[in-house]
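What follows is one structure encoded as structure tokens, with my remarks underneath.
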């Protein structure tokens, strides 16, 4: 039979409590047997103190051990009188036990005790008893006429044999068994609601996970504790939030891609239809216009392809030891003519000594060209772009800053999101689809680096790239 989680927790709690109760019951049983036997032996040892005194007086009356031992029943009477001083045990039934005809005390306590008594004289010679004195180590001195006249020993009980004592111990064990059963019943009554209480957060998480698996990413669970369930609930909420955000990004991505593809396709369709209807002549200018839209589509598809390869980790990287200073200088030289057409000034500050890194030169060239070209597209005419490279704290720091217009703090954090373009003066028709910086981020992360957008001291945006470089050991 398969058990659910609540039933399993209930069984586990009940089994643990049952084991504890069983151990307590066995320990109490063992403690009762040994403790009560020790108590009985201690009572008999106290009785021996009185018997030693009584034997001393009997010795004084008889004058010697031989006279006392030759007197029939003398020792037995001393033992019987000592036993009679104890409180009588409760009767086993409605009839009181009758005293034996020889005057001994009632019951068998006297006979059992007499068989275990040993009397020695002052020289430790056995006078009375059948037990081996060498097996005893707790002798009581017997004094008479102010002097030591002998020793009194009693072999301890090895088990309880008295009927009343056995009944008492049995009754106590019955009480222990009843108490253990009651404790087990109480544990069962408490374990089930406790198991339900413990499993309740897990059931909430299971239900929320079911909603999450069906695409309901807005589901959240309440965090009611700071234990493992609380941490799991927080992690679940973070996961749901991330999935919800990714789903919204996916929908936005599909919408933006559709828009980016529809615009050039609409232009191509409109111009081709105009040529077909005779509204526009098929000329070199119209073909050039069509070619511009085809190039735009081709660039968008190529960016999407590069981004898809980077996302799945299929974008190839052929890393080798390269000179970052030289690579960045080549990117600056390539950008000069294009920036000059937009009346932009390009300044750079590069170190004289080479800064070496283990990287893919083709991907870093793509990275530098994208960022410098992006700054050129979104900087106002007669503006300025500054490029710098330095080694700091074991890393190569590349900064590309441009002049106005700038972007807000919130927008700077979104610049590397795919298909994101800043609304306003930095969003130009000459700009791309908003995939360039997303590709740049993937290239930097593939080189175990970091890229961030900051406020530029020139008034625009500063892109800072941090790449690990090879330390110069010369």
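Nothing in this text is a laboratory measurement; each read-out follows from the coordinates by a stated rule. Source: prediction; values computed, not measured. In this analysis, Cβ positions are derived from the backbone assuming ideal geometry, glycine residues included, and neighbour counts consider all displayed protein chains.
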> Roughly how tilted is helix 228-276, in degrees to the nearest 10 and between 0 and 90, from the longest Cα axis of the chain?
Replying inline: 20
> If you average the sequence gap of Cα pairs under 8 Å that are 6 or more apart and divide by the length of the chain, what percent do you get for the contact order?
Replying inline: 10
> Can you give the relative contact order of the range 126-246 as a percent, counting alpha carbon pairs under 8 Å and 6+ residues apart?
Replying inline: 12
> How do 396-404, 72-80 rank on mean C-beta neighbours within 10 Å, highest first?
Replying inline: 396-404, 72-80
> So what is the 222 nm mean residue ellipticity for the chain from helices alone, if each DSSP H run of at least 4 adds -39500 (n - 2.57) and you divide by all residues, rounding to the nearest 500 deg cm²/dmol?
Replying inline: -19500 deg cm²/dmol
>> Between residue 26 and residue 252, what is the label-point separation in nm under the 7 Å Cα-to-beta-carbon projection?
In response: 6.6
>> Between helix 284-311 and the chain, what is the angle of the helix's C-alpha long axis to the longest principal axis, kept within 0 to 90° and rounded to the nearest 10?
In response: 20
> residue 67 versus residue 237, label points 7 Å from Cα toward the beta carbon: distance in nm?
Replying inline: 10.1
>> Let me check against my output: what whole-number percent is the relative contact order of the range 320-468, with C-alpha pairs under 8 Å and at least 6 apart?
In response: 24
> Roughly what angle does helix 436-446 make with the longest principal axis of the chain, taking Cα atoms, 0 to 90 degrees, to the nearest 10?
Replying inline: 40
>> Shape verdict for the range 320-468, please, from the Cα gyration tensor: rounded (a/c under 1.5), prolate (a/b greater than b/c) or oblate.
In response: prolate
> How many angstrom separate the Cα center of the range 18-42 from the Cα center of the range 381-412?
Replying inline: 83
>> Let me see the P(r) profile for the chain: every Cα-Cα distance counted, bins of 20 Å, each bin given as a percent of all pairs.
In response: 15, 24, 14, 12, 11, 15, 7, 1
